[in-house]
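What follows is calculated from the coordinates using simple rules that are stated; it is not laboratory data. Note that the coordinates shown come from a computational prediction; the quantities given were computed from them, not determined experimentally. Positions of Cβ are generated from backbone atoms using ideal geometry, with glycine treated the same way; all protein chains shown enter the neighbour counts.
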Amino acid sequence: MYLLIVRKIFLVLIISFFVYSCVDMYGTPQERAIKNSRMSDYGLCEKLGVAVLAPAEIREEWAMEVQRRNVNCNQYAGMINSQRQANQQLMNQGLQLMEQSQPYTLGNNNSNGKVFGSAFYKRSYVSGMNRICVYDNMGSDYTTTVGAAELCPISID
């Protein structure tokens, strides 16, 4: 739950940063016009195809430059689509890595039982007829369940 809240806050901060820094990121209209005039035909078409989150004003400037040059972006569609697919694969791999960094639960409730090195005892609490033992393993919380009258092991290897 905590990690989900942190992710949402991080996402809001990132979006806010991009929204408020777009002018700085893309430069002044004069700087953008010079940059667009120096960009290759493929580069302009790529920006239009890949940078879909760019502000509307910026995208319009790219489209006007494409139109001014009379460029047919369809000739680059295959390469641009391949790049979009590669970017999507990278994003999916990143999401998989983030999911793998989720805390694991040890003991009877755990299907994967992953502990890296040793997990050291932090605290415990009683829940019904069980004692929930909480461990620190490289910054992540891991739990295991023992009987309410039992003591938690000091560490788990």
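Cα gyration tensor of the range 29-69, axes a ≥ b ≥ c as square roots of the eigenvalues: rounded (a/c below 1.5), prolate (a/b > b/c) or oblate?
Oblate, because a/c is 1.5 or more while a/b does not exceed b/c.
For Arg59, what is the net charge nearby, where nearby means another residue's Cβ is under 13 Å from its Cβ and Lys, Arg count +1, Asp, Glu -1?
Combined, the nearby Lys, Arg, Asp and Glu give -3.
Scan around Arg131 for amide H atoms under 5 Å from its own, H built in the peptide plane at 1.01 Å from N, and keep only partners 5 or more places away or cross-chain.
For Arg131, whose amide H was placed from the backbone, the distant partners under 5 Å are Val146, Gly147, Ala148.
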